[in-house]
Structures are given as structure tokens and as C-alpha cells.
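The values are calculated or read from the model by the stated rules, or taken from the named source; none is laboratory data. Source: prediction; values computed, not measured. FYI the Cβ positions are ideal-geometry reconstructions off the backbone, even for glycines, and counts take in every protein chain you see.
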Amino acid sequence: MSVPDARLPRVNAFRDSRHAAAPPAEQPAPSPGLRRSLTALRGAGVRPRSLDARALAALAANPGCRRRALLDGAGIDKGALAQALGSPATYGQSQFAFVRGNSFEARVKADGGADLLRLLHERLRPGTPPPEPAAVATPDLSAAGPEGRAARTALALREATAAGGWALLDHPMLAVEVAGSPAYVEPDAVVVHPDGGWTVVEIKSFPMIDGVADAAKVGAAARQAAVYVLALETVAGHVAARTGREVRVRDRVLLVCPKDFSNLPTAAPVDVRKQLATTRRQLARLTRVEEIAAALPPGTTFDLRLTDDGRATRPPEELTAAVEAVGAAYAPECLAACELAFHCRKRAREDGAVEALGRGVRGELGGLHTIEEVLAAATGADVPAADTPTTDTAAPDDPAVHALRRAAALRAEALAAAADRSQEAECR
Amino acid sequence: MSLIETLARMEAVATGRAAPLATVRHRHLSEQPLVFVPLTTAGEAGAPLGALVGTDREKPALLAVPQPRNRDLRFAFLAELAESLLPYVDGFADVVEWEERKETDPETGKKVPVQVELCADAPQLIVPSAAGIDFVRLLGRSMRFRRTAEQEPEAPYPAPPHVPLLGRWFTHFGERARVPGASLLLSMTGLLTRHWATGQSLLEDQHLGALLAWIDPPARHPTSTPRRQRSAPALQGVSGRAAAERAESARDADGRLLCPPAGPATDPAFDNRLLAPAMARFDAGVPGAEDEIHGLIESQLRPTWDAVWHGIDLLRGLPPGARVADRWKRDRWSYTAHRDRVRAGEPPQPRRDDAVTAAQKLASRETAQAQLDAQEALDDPLVMAGRRLAGEALEGTVTAVEMAFSEGRRPMPRPLVTLRTADRTPLPERAKLYRALPDGKTQTAEFVAYAAEEPGALVVRLTGGMGRGRTPEPGSVPEPDDAVCWTLFEHAPRGGPELPDPEDTPWTHGGPPGATGAPEDTPDTATAEDFL
């Protein structure tokens, strides 16, 4: 594969409601009523956006956010929504990183994936006969629409597993159920082993220097790979039932990265059992989109009423009201993972929510939810427990309030002492 | 985040200005620091894009790579970087003072005092952000194993002279930056967040422009666009917040961020809209394209350069902590030791530390962390307030002193001191307490009992710091009405027992170094094709 026709990773907009009319039996399908209500949320004629694995991993990292679950579940373009709300997201991808990522993936998969299979064999199957490059099946997975491609992938996996040889599936399409509606994810590659095992391959363009890669980036890649493993497990169940062979989706994925400062590939197995368990639990916890949609006031829609040249004509006040109709769980971590984060941050700051300062802040503050309340409690201006009469000498019952007052007193004392000292120094 | 810091952040939200987290400066700031603002090419590990370097805020040296995918241009950049940095780093090597140190004599095995050189001062590098420190490490790794034509005349693609040497120094700086409290290589965001709490989260504090906007908001926005603020009435003055939000996302007419990211990553919109077309023109050989790229890169670097100096000014406004010079001396030892290794012609630092070195580094960093925590608290009443809140120190007023003596053949003074305190520090029986004496020494004591008749009063027995005589040295025993501060933590923690020498380390723990230890300093393979 040459650079220009390397398939772009994480290409969006696969989910097309026209194809959803006849989903294959293996795919999770939304109920017709839900599909109608989600279409109404998006606005008539607006195509839904696809959830990619990165978005899924981010969603699973903040499962308490109903706003994100609904908007992602309905396939709403959050970037455009944030723009129309007046708080656009600031992140994007540099084309240098994009080109580099694509050229690296193309290099790894060149020659029918010979390099890739060599690395996979070295890292995961030492001691077994290496795959013959000519004997590796590389089935064609092209089909119309994501449902078609997912069905084609399932078929190819079944055939390859039944054949009992090596097979490399380049950019297969997999379905995974998120909050009651299907999402399609696309791993970089899946390898079928002769013994019926399947391995997810994740190709990333951050470097592995002296065998060590950035821990945060490896963690993100592992969470993403866990989503693929999860999606493969559904297919594996069906294939095992049809072929009668034992199918095992391996929980060690292969992470392929550039070696040191070059563009040559190296690889390491990554155990994703922990990420898999986390993702599974978080996805199960995600409040069902259906329930969130049902709780919305009637007539709520996130339709931007785009003109032909892509401008939003919906008044921002109406959009704000629609967005506010569903609760968010903002934390500063959202800024790196969600297009709507600047809007949520603005609201959190206006409300004086303590979470705007960090997720861990709440822990020590007991029942105090706003910065105003905390400061009032710290200075002793207004004790929240109004029903219990407190005197000046008796400490309030709430240990959090007590600790806050103590902290405020100690802080004021130290600052006053320092001010005195600096005044003394000036006098001298 | 401790409760006191949370409270400071909330104060900052309420006032619209950053609140102090320290009353003194806890890091050494050189008279003449070298500021290094690097940029890298997105998605590439070893392809720097440009940098501003220098010790003069008015005259930074601009280094830029017009096409980072060209190996010769990258090498030219690194050579220029070495030329502008190494004279500064070497400039401190020859001014030395003499220190006495105990060393084991190899013949007699006794500890004998020897005179050793200690550089009188050391270089200090300041980068904008924590990512900048990582980038210095990365550059160090990419350069130190290179071979120059002088070292290996036969090898293809030799590196320009001095580049491997700069790599070794960068590696040393990067490694030293991992020692808590060390100041050879500092990040401006790290320095500022140590001394001020802003009204935003720690995550958002990583943006240097937004951080400075909270600490020292500009008097008025140059462009007077009225901002719609729906602020709650109790929160007065949103200037810090408004300035920080503007620093994060405001763009000029060209779509450039007014306050570009402090690097080394660039703004993706800048890459896509301005830099990539300019590079395409450079590749096509359009005249003037190289100057255009230089101008573009400078436009992204200059605001950060100015911000770093702005931060240095703010930090210079704080008086240095009393024990900062003590920590800087350790940095000077570190610099001197690396100078000696380079002069002795030792090979570059290995790719990965062996087990013994790694254990030693970890132990020394743990000790440094404990020392830093103790010293910061002793230097700064605001830090001590946090330790008092955490129940690790107590401050009180002496109400009575009763003379007492230890039992034994030579009775020593062991006065009993009663103090009244508002701190509710939980003290176990016979807890060891420490107090800093005015002359810098530490006095030890042990907790005896809470006074029965008075809540908040307790008795401690002094156990040291009073000299060797039968009568305590003057000033070493507090008197009634003195304010005293006792800590439960040691003032000069020493760390665990010394680790054995590598030769005596059992093989289970990575030693002794066997014959199998292949030299780790083999250069990275150079390929004919430039695989980047």
C-alpha cells in the first residue's frame, strides 16, 4: 500500500441511517422508536456522526456524563454544536502528525503486512513456526456502508478461522453497543492465528525509545484497543457457534510504534485485561440513551438549522436551553477529550462549581458544592447547617467545615506574619 | 491537592487574581539563567522545528529548521544549538572554590579529608513547561550517542562537532530535573504553580499564558471587545479568569493564537494554515520561503519567550528561602561531577540505568523529596501552616519551663517545657519532636503528656541541642511567652541505610556487573535512507 491510498485512521461518519433499515442479525440495532427520537434530536436530514474508539474510551472515562452519552449516542456533531454555542473547541490535529501517522501505518502494512506479521510472531508466538508471507490470507473487506463492512468482516473472520491459517484483516469494521445504540469501530488490523486466536493490532506513531514509550499514550492506546477486543468478542461468539472451533480473542494486543527516532516499526505486546474490564463495566454503567432521551422536555432538539454553506441559524439561546436540559458531569479532564468541554466549563465556572478546580477537590469538602459556599464556611460567615444553632466557641458539626475554618485561619495567620516580616525588612 | 491549596484556589476564583502559595521563593534563580524555548514538529520524535535561546531577554538567538524532514537541516540546527548553549554551560566550569570532603583512602581504608573542587556557580536552564523538560531529555537522548567525523571518520552521516557533547549535557540536565528541589533545569509553569494558586485546575495551569494571566493579569485588554460575563454578584473582578480564557483561545486576524502553546508542540491550526504551505513553498524552492518560515516560527516562539521572562520577573519579586542556597549547592556538586566525567572522557550516559544505579537514584530522590518538604516548611510559615493542618507540626506559646535532669552517672539537662497550642496535633506517646534553633541547628524533644487541667496545653521534654555541659547553652531552652514551632518530621532526613557498592551487590539485585555487560553506548544505526 502506498502513502496516498493509506486508509485514514478514525474516519468518521460511517453510520448512515439509510443502511440501518436492514441490519445483519449479528449487529445490535436500536428500536425503531429510539431511532425516530434520535433523528428528531439531530434534526431532520442531518447525518449522524460515528463514534470512534477514541471517543468511546473518553466516554467510558466519564460515564456519569449524561450530556455526552446522549449527544454521542444520537450521533450529534459536538464540534459544530460547540461552535454554535459560542465556545468552540480548540484542539485539532496537525497535518504533519496526520501524514506521519499515515505513512508509518502504510510502511508497517507494506508487502502484505510482512513486517507486521514478523513482529507479531516474534513478540507473541515465539517458538512456533513463523508465518510464510505467501500463506497469509488478506481478505478484501470492502463493502457498502458500515453495516455492510461489519458483516463482511464477520464473514472474513469466520472463513479465516475455519481455514486454520494466518490471516491479516486490514481495517476491519466492528460493531459495539453503546448505551443502547450501535457504534462502529475500526481497528488498524486484526490477525487470525492458525490456532483460532485473534489479536488486535494497534499502530501508533508515537516513538518507542529504547523499548520505552510514553506511559500516558500507551494507556490511551490500551483503552482504545480494549474497545476493539470487546467488539471482537461478540463476533467470536457467533463464529465459534457456526464453525464449531474454539475462538479466543487474545487479551494481549500488539502495539506497533516507530523505533527510537526513525520511522521503522517495532512492537510490544500490551496486556489489556484491566482496560477491558474497566471499559466493559463503564459501558454497562452508561445510562441508556433511551432513558435520557425520554426525560427530555418534549420538542427538544439539537438541530443547528444549518444553511447550505454550513452556518448555524438556530439562536444560541435555544441551543443553550436544549443543552442545559440534560445534565453534564464536567471535570477539567474533559478539556482534552470532549468538544463541548469549553461550554461545560463556562457553565461550571459561572455556577461556581468546585469540580471546575479539579475532580479531586470535592473529596475534602463534604456537602459543600459551590465555591461561594466553601468560602462562606471557611470564613464562618454562614454556617450551612442553619437548623442547629451554633455559637462562636462551639465548632460546627460538619468536620469538613471545621477543617476548612482551621485551614483558613492558619493560612491567614501565616500570610499576616509574612506581611509583617516584609514590612520590617523594608523599614530596615 | 491539600485543603489549604484548595482554599487558595477558591480565594483566587473569588478575587480574580492568583493567591500566594508561598511567602518566599523556594527555588534558586540564577542571576543569569539561560532561557530555552523549543518547538517540535507534530508527530515526529526527533525533528525539532525551532528554538529561541539566550541569556539576554532582548536578544534571543532564533534557530529554525525550514524542513524538519531533511537530515542535513536538522543536524545544522543541532550544531547551532550546541554553539549557542555549550559556551554558557562551560562558562561555569573554571571558576571553582575548594571544599573539604572525606574520602576513603584506598591503601589504608581510612576516611581521610581531601580538598576537592566545587564550581562556584552553575548554569541554569529555564524552559516554559514540563513538556519542555521532557523535550530536553529527548534531545539529549537523540544526540548523545551520535558520532562525529572526528570520533569515527569511517561512519556515514557524522554528526556535527559538539552535538554529542550537548546531548550528554542535556541528558544530565534532564536527569537532574527529576530530583525534587533541584534547579539546574526548571520549567516556568512548575515554578509559578509552586508559588501561586490560580482559580483554575492544575491541568489548565499547564498553559503558561493562562497561568500568567491569573498571576499578573494585563491592566486592560488591548482590543476592547465587551465580553459577556454572567458573573455571580459575590464574585468580584473576573479579570484573571477573563485574561486566562483570552490567553487560551484568542486569535488574531490570521487565525494565529495570540498566546501560542508554550511548546514544544505547536498549535495544529498554525501548522495547517500557515506552516505547511510555507514549507511546501520552501520545498518548491520559492525564493524567500526560508525567511518566511523563520518569521512564522519566531511569531510562535516570541510570546512564550516574553512570558518566561515575565515569570522570572515575578519570581524575583519574592525573597529567597533561607535554605535555597543549600539546595543550590547540591546542584553545583552535580554540575561539577558531570564536568569531571566529561573531562575524564567517560562514555555517554547509558540508554537505561542498570539495577544498582536505578536503585541509588531512586533512594537519593526520595531523600531529596523528604529534605525538600522539611526545608520548605521551615523556610515558609505558609507551607508550615499546611503541615500544621495535616497534623505534622504544632505551634504554641511556652507557658512554663521546669528544669529537670536525666538519670545516670552524668546527669544531663532535660528541661520540661509546657506550651499552649491551638493545633490539634495527634501525638503518640514519646513522639519525637524537632525544632529549628535560631542558629540553624535542630533541637530534639519528646512528647510527655497533655496537661490535665488545661485543654490545648502539653508538656514536652527537651532531649538535645543544649550543648554538652550540665547547664544548657544560653538561648537553647525556650522561655515563657516564647512562640515555638515543633515538627514531627526530621529537619535533615538522611534516607535509608547506604546501599552496598556495585561489587558487593548480589546478583539477585542486579550486581555485580558481569562480563556480559555490553557497552551501552553504541550509536543508533544510521540508515542511508532518512527514515523520518
With criteria (1) in contact with an Asp or Glu (Cβ under 9 Å, 6 or more places away or on another chain); (2) in a strand (DSSP E or B), A:Pro269 comes up short on (1)
TODO: Could you please let me know if B:Glu150 is acidic (Asp, Glu), loosely packed, with under 13 Cβ neighbours inside 10 Å and either touching a residue at least 24 places away in the same chain (Cβ under 8 Å) or outside any strand (DSSP E or B) (or both)?
DONE: yes
Scanning segment B:189-243 residue by residue, those over 23 Å from A:Phe342 (Cβ atoms), part of a loop (DSSP other than H, G, I, E, B) and either within 14 Å of chain A (Cβ to nearest Cβ) or modelled with pLDDT under 55 (or both) turn out to be B:Pro233, B:Ala234, B:Gln236
- Do the conditions hold for A:Val191, that is, is it outside any loop (DSSP other than H, G, I, E, B), touching a residue at least 24 places away in the same chain (Cβ under 8 Å), closer than 22 Å to A:Ser103 by Cα and touching a Ser or Thr at 6+ places or on another chain (Cβ under 6 Å)? yes
The residue from B:Ala12, B:Ala42, B:Ala22 that alone is buried (at least 23 other Cβ atoms within 10 Å of the Cβ), within 14 Å of chain A (Cβ to nearest Cβ) and part of a loop (DSSP other than H, G, I, E, B) is B:Ala42
For segment B:26-36, does any single residue satisfy the condition of being closer than 17 Å to B:Gly132 by Cα, assigned to a loop (DSSP other than H, G, I, E, B) and hydrophobic (A, V, I, L, M, F, W, C)?
-> no
Note on A:Thr153: of the conditions (1) over 20 Å from A:Pro258 (Cβ atoms); (2) surrounded by fewer than 19 Cβ atoms within 10 Å (Cβ to Cβ); (3) touching a residue at least 60 places away in the same chain (Cβ under 8 Å); (4) polar (S, T, N, Q), unmet is (2)
Check: On the given criteria, is A:Leu335 part of a loop (DSSP other than H, G, I, E, B), surrounded by 18 or more Cβ atoms within 10 Å (Cβ to Cβ) and either touching a residue at least 40 places away in the same chain (Cβ under 8 Å) or among the hydrophobic types (A, V, I, L, M, F, W, C) (or both)?
Finding: no
Note on segment A:354-383: residues within 8 Å of chain B (Cβ to nearest Cβ), within 24 Å of A:Leu335 (Cβ to Cβ) and over 25 Å from the mean Cα position of the chain (by Cα) are A:Glu364, A:Leu365, A:Ile371, A:Glu372, A:Val374
Exactly one of A:Ala151, A:Ala189 is modelled with pLDDT of 90 or more and under 29 Å from B:Glu44 (Cβ atoms), and that residue is A:Ala189
Screening B:Pro350, B:Pro319 for residues that are touching a helix residue (DSSP H, G or I) at 6+ places or on another chain (Cβ under 9 Å) and in the same structural domain as B:Val89 (by TED's automatic domain parsing) leaves only B:Pro319
Across segment A:84-128, the tally of residues that are within 14 Å of chain B (Cβ to nearest Cβ) and in a loop (DSSP other than H, G, I, E, B) stands at 9
The number of residues in segment A:194-221 that are out of contact with any strand residue (DSSP E or B) (no Cβ under 8 Å at 6 or more places or on another chain), in a helix (DSSP H, G or I) and away from chain B (no Cβ under 14 Å) is 2
B:Gly345: passes all of (1) closer than 30 Å to B:Arg25 by Cα; (2) assigned to a loop (DSSP other than H, G, I, E, B); (3) free of Cβ contacts under 8 Å to residues at least 24 places away in the same chain but (1)
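Being within 24 Å of the chain's Cα centre (by Cα) and either among the acidic types (Asp, Glu) or not assigned by TED's automatic domain parsing to the domain that holds B:Ala276 (or both) is true for just one of B:Glu58, B:Glu31, B:Glu80. Which residue is that?
B:Glu31
From the list B:Leu138, B:Leu186, B:Leu166, pick out the single residue that is away from every other protein chain (no Cβ under 14 Å) and assigned to a helix (DSSP H, G or I).
Being away from every other protein chain (no Cβ under 14 Å) and assigned to a helix (DSSP H, G or I) holds for just one of B:Leu138, B:Leu186, B:Leu166, which is B:Leu166.
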Picking from B:Pro277, B:Pro261, the residue that is at negative phi and surrounded by 20 or more Cβ atoms within 10 Å (Cβ to Cβ) would be B:Pro261
The residue that is surrounded by the most Cβ atoms within 10 Å (Cβ to Cβ), considering only those in segment A:166-186 that are in a loop (DSSP other than H, G, I, E, B) and modelled with pLDDT of 85 or more, is A:Pro172
